[in-house]
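**Q** Here it is: the structure, laid out below.
Laboratory data are not the source of any read-out in this text; all were calculated from the coordinates shown. Everything numeric in this text was worked out from a predicted model, so none of it was measured. All Cβ positions, glycine included, derive from the backbone under ideal geometry; neighbour counts span all protein chains shown.
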Amino acid sequence: MGFPIFIIAGLFFVVLLIIALVVYFQIYKSHINKALNAKTKFSAMTPPYKVVVTLTMIALMIGIFISYLAGYKVANDRFVTASMTFDVHSFYAQVKEIDENTITVDGISLNDAKYRGEFKYELYEDVGILWNDEPISLSDIKSGDFVCITLVTGGGNITDIFKIQLLK
């Protein structure tokens, strides 16, 4: 992530307001000096404290607007990045225990080191259970069967079973 452009925009507006105040104070000082040195009547100028209050209110409104846009952009970028990042892994295992809600498997030695050992997963209705690319029921899988488990890891590092393939 690069340098946030909204910080530059915010600093630009702050510098612009400071320059406007300095210029107004110079004009006001010049006007007061001319009025004090001259005998004629000069038209009144807005007092500096009113200008400062007005420009401060404008600066606050611009700051709120820039903060809103920056927050929206950062949150949207994080949401898109998190929701579009999926990691899919498959590994082979032997079924140790299976019931209606969970499956316990033992990863075989052909897998990466991270997928060896015992794993227990919760099963949901939308998990695809296949044999030869044909859907089967969970009751067709028995303890001791070999399966290929496909895992999906999404945003927030949540890992779920996407598919179980029975290997015979």
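**Q** If only Cα atoms are counted, what is the Rg of segment 5-83, and what is its Dmax, in Å?
**A** Every Cα atom of segment 5-83 included, Rg and Dmax give 20.0, 74 Å.
**Q** Now a separate question. Below 8 Å between Cα atoms, with a sequence gap of 6+, how large is the relative contact order for the chain in percent?
**A** Relative contact order, the chain: 19 percent.
**Q** Further, regarding this structure: Report the Cα-based extents of the chain along its three principal axes, largest first, to the nearest Å.
**A** Sorted largest first, the three principal extents are 109, 29, 23 Å.
**Q** Hey, got the Cα dimensions of segment 87-167 along the principal axes, in Å, largest first?
**A** For segment 87-167, the Cα spread along each principal axis is 31, 27, 22 Å.
**Q** At 222 nm, what value in deg cm²/dmol follows for the chain if DSSP H runs of at least 4 each add -39500 (n - 2.57) and the sum is divided by all its residues, to the nearest 500?
**A** -15000 deg cm²/dmol
**Q** Also, I was wondering about something else. Please compare each pair in Lys73/Lys114; Lys120/Lys163; Lys50/Lys73 to a cut-off of 25 Å on the Cα-Cα distance and tell me which ones are over it.
**A** Beyond 25 Å: Lys73/Lys114; Lys50/Lys73.
**Q** HN-Hα J couplings of segment 49-59 from phi, Karplus 6.51/-1.76/1.60, θ = phi - 60°, integer Hz, Gly and Pro as x?
**A** 3J(HN,Hα) across segment 49-59, in whole Hz: 5, 5, 5, 4, 5, 4, 5, 5, 5, 5, 4.
**Q** For segment 101-168, which GluC sites (Glu not before Pro) are both in a DSSP coil and crowded by at most 16 other Cβ atoms within 10 Å?
**A** Glu125
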